[in-house]
1. I want to check the label-to-label distance for residue B:80 and residue B:12. Put each point 7 Å from Cα in the C-beta direction and report it in nm to one decimal.
2. Who wins for biggest fluctuation among B:38, B:23, B:96 in a Gaussian network model of chain B, springs between alpha carbons below 10 Å?
3. Can you sort B:71, B:35 by how many other beta carbons sit within 10 Å, fewest first?
4. Between residue B:52 and residue A:99, what's the calculated FRET efficiency when r is the beta-carbon distance and R0 is 41 Å? Round to 0.05.
5. Which parts of the stretch A:71-88 would a label at residue A:57 reach, counting a residue when its backbone N lies under 11 Å from a point 7 Å out along Cα-to-Cβ?
6. In nanometres, what is the gap between the two model label sites at residue B:28 and residue A:37, each 7 Å from Cα along Cα-to-Cβ?
7. Sort B:88, B:49 so the one with the fewest other Cβ atoms within 10 Å of its own Cβ comes first.
8. Of A:56, B:1, how do they rank once you tally other Cβ atoms within 10 Å and put the fewest first?
């Protein structure tokens, strides 16, 4: 009954807007991204607002007794997920630079982020 | 148009589940198709048959069940998110099924639009 989806390649954009801890959104979003990698789709990740904190280097979560899942971002490359975008305004507002991130990202402006969203087929915002 | 719907919040605490339902209902009334509703994060709590709201309030779980039965909509609950929150086949409401995140990606590929309802 299900349609055959093989051969269809859509542009998926995962928008990460929330801090890594405090809520589960960031962790469960990453779980979707990892599953999505098996579908041979065109995948991009965007980090904006407090979402930029998700890819910070040196996360220590022992004090709050929550799993530090940030090493997983570094594993994305192994899944052929290499298009990571950070919104410049969100980064600047928080006093961060690309040196603070544990993965390689492309920094884009708010306007460019809007264009990226417009050009994507499926935008999943977490 | 063929829509896929993603519900990321639980019932009652957050209005997202209500809005998703109202959106689905309105789209169907306009002649659109909803092929799947995928429940993720706390959204999985929309699927427990143990839900029992006061009788003068809407029953969100039953509302999904009826909409799905009337329009042959696939109600899919993410297995990983469900197990984290104590939703399993034993307490799953009829009309819902537990499956993997692949069903969400598939919905994104198959639907003309995938619409997210969440915080």
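1. The answer from the label model is 2.8 nm.
2. Checking each option, the largest mean-square fluctuation is seen for B:23.
3. Working: B:71 14, B:35 19.
In increasing order of surrounding Cβ atoms, one gets B:71, B:35.
4. 0.15
5. Counting only backbone N, you get no residues.
6. 3.8
7. Lowest to highest Cβ neighbour count: B:88, B:49.
8. On the way: A:56 16, B:1 11.
The fewest-first ordering by Cβ neighbours comes to B:1, A:56.
No lab work stands behind these numbers, since they all come straight from the coordinates. Bear in mind that the values here come from a model prediction, so they are computed numbers and not experimental data. Here Cβ is always computed from backbone atoms with ideal geometry, including for glycine, and neighbour counts include all displayed protein chains.
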